[in-house]
1. Mind counting the residues in segment 244-292 that are within 12 Å of the ligand (Cβ to nearest atom), more than 21 Å from V94 (Cβ to Cβ) and not aromatic (F, W, Y)?
2. On the given criteria, is L459 open to solvent by 60 Å² or more (accessible area, probe 1.4 Å) and closer than 18 Å to L180 by Cα?
3. Being open to solvent by less than 30 Å² (accessible area, probe 1.4 Å), out of contact with any Ser or Thr (no Cβ under 8 Å at 6 or more places or on another chain), not in a helix (DSSP H, G or I) and not hydrophobic (A, V, I, L, M, F, W, C) is the filter here; which residues of segment 357-378 pass it?
4. Which one of T50, T10, T98 is touching a residue at least 40 places away in the same chain (Cβ under 8 Å) and either out of contact with any Ser or Thr (no Cβ under 8 Å at 6 or more places or on another chain) or within 24 Å of L332 (Cβ to Cβ) (or both)?
5. Could you tell me which residue of segment 109-153 is nearest to the ligand (Cβ to nearest atom), considering only residues that are open to solvent by 30 Å² or more (accessible area, probe 1.4 Å) and either of a type in the set (K, R) or in contact (Cβ under 8 Å) with a residue 40 or more places away in the chain (or both)?
6. Within segment 412-428, which residues are in a helix (DSSP H, G or I) and within 21 Å of D391 (Cβ to Cβ)?
7. Could you please let me know if F30 is hydrophobic (A, V, I, L, M, F, W, C), under 30 Å from A352 (Cα atoms) and open to solvent by less than 70 Å² (accessible area, probe 1.4 Å)?
8. What's the number of the only condition in (1) within 16 Å of the ligand (Cβ to nearest atom); (2) at positive phi that D339 fails to meet?
Amino acid sequence: MLFVSTRGKTDLVCSAHAITRGLADDGGLFVPQKFPELSLGEIVSMRSMTYKERAVAILSLFLTDYTKEELFECADAAYSQTKFGAEPVPLRKVNESTDVLELWHGPTSAFKDMALQILPHLLTKAIAKTGESNKVVILVATSGDTGKAALEGFANVKDTEIIVFYPEDGVSAIQKRQMLTQAGDNVRVIGIQGNFDDAQRGVKELFGDTALEEELQRKGYVFSSANSINWGRLVPQIVYYFSAYSDAVANGRIKAGEKINFAVPTGNFGDILAGYYAKLMGLPVAKFICASNSNNVLSDFINTGIYDRRREFYKTVSPSMDILVSSNLERLLYSITEDDAAKVSEWMQQLAANGTYNVGEKVNNRILEEFFGAWVDELETKETIGRVFNDNEYLMDPHTAVAWRACEKYRLVSSDDTYCIVLSTASPYKFSDVVLEAAGSEEDAKLEPFDGLRKLHALSGLPIPEPMLAMEKMPILHQEVIESADMKKAVETALKL
Ligand SMILES: *Cc1c(COP(=O)(O)O)cnc(C)c1O
């Protein structure tokens, strides 16, 4: 299988190339030239497979320049019992028509592990295949979860360096602690005075800086990305949509072939896009419910066809979705317009120049056939956590609560009670202060982070993730905080250019 750029100005490349480079040379994102298809029989037969086998079944359709043995090695290392426990991606019944897919049983307690535990393995194999002799430098901009998951995935991986930029005041106490305690010879963690979009823009500029690229080349380095613009991040996410569907059939929640809905808490549009790709491959899905928090640029876009980032940026209780520029939307537009790279390039240029673009009524109607957009404010998010905990004895994190509430809104306006799987993207422990405020008391929410974890355990009985407890005794290893304008300088210093 070959990959094209959404901006249409680069040659076709193989998957190993798409994964090592991250971003296409024309500034676009790599997408498969054509999507493979699975029959209903093939989908349902996944119920007898382990998660690793399901992963290999899907990955092998896209990563055709890897052997099945290689892919099995990657999946085996990524989704091991030590890292993900006995049940890597459990589907839990919460009420009659709703299940929750828990994507956070990996080492950093967020769904990013689903992709970032396997990406380093895919990447090191890709480096060997493409004959890349330079050391790969992974640059990451994070709204909190990607940073830690990428650090955990890449720490001490041979021939790689990883530099993570996070917004100093834009991540939770636990998220920050997770990153600042990260050990590894090849890791750097740097705070920036700004928000996630500033960090992401800075990283994009570094990728596009040709003078810097030449300097890197001379010193034997090449940049790559672990953000969800990298195809190697997206493809492992397609797997769990198939996995969830086959489990829902196996659990008797649905009949084979029945169309279902998915509700997804959305930021950079990577998670939900993987679901849309699964649908293109034959997964029976009616609607994707795209859930935003108060940074509701995506739900507005779905409802109007106008993308407009010129709005106030809010720091919310679901910080991993505090994003105004959703990179992966570009891939959706490419697909929905049936590969119209010229149109996509034009819209992306308008976004860069004016902060807005309008896809028009026809494209908007196509999007509305596939997606329902809704946004959920801070009060509703906390109310949902408390209510579902009281009514259904199910405790969820604020991001999951945003998706849960968006699903309720969909059912209210559509009167459609189709079975829905809500994607749960983080452990409630990762945002214990907000969860305690919602399900416990205001007092609980003021506890020191580690006392908060213990309080939440007393309240819910859920086991505290081991790595999170261990952090209490680990030293802070990274102190650097810079202005977002100084990111280039920081990279040059880190790599001794
Ligand atoms: C990253 C993240 C999201 C958003 O996912 P996207 O792929 O960026 O849309 C939602 N919830 C949590 C907890 C996350 O870490």
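The values are calculated or read from the model by the stated rules, or taken from the named source; none is laboratory data. Only a predicted model underlies this, so the values are computations on that prediction, with no experimental measurement involved. Positions of Cβ are backbone-derived with ideal geometry, glycine not excepted, and every protein chain shown enters the neighbour counts. All accessible areas refer to the heavy atoms of the entire protein, side chains included, with ligands and DNA or RNA removed. Shrake-Rupley method; radii C 1.70, N 1.55, O 1.52, S 1.80 Å.
1. Going through segment 244-292 one residue at a time, the tally reaches 6.
2. Taking the combined requirement at face value, the residue does not satisfy it.
3. Within segment 357-378, Y357 is the sole residue that qualifies.
4. Going through T50, T10, T98 in turn, just one is touching a residue at least 40 places away in the same chain (Cβ under 8 Å) and either out of contact with any Ser or Thr (no Cβ under 8 Å at 6 or more places or on another chain) or within 24 Å of L332 (Cβ to Cβ) (or both): T98.
5. Result: E152.
6. L412, P428
7. yes
8. (1)
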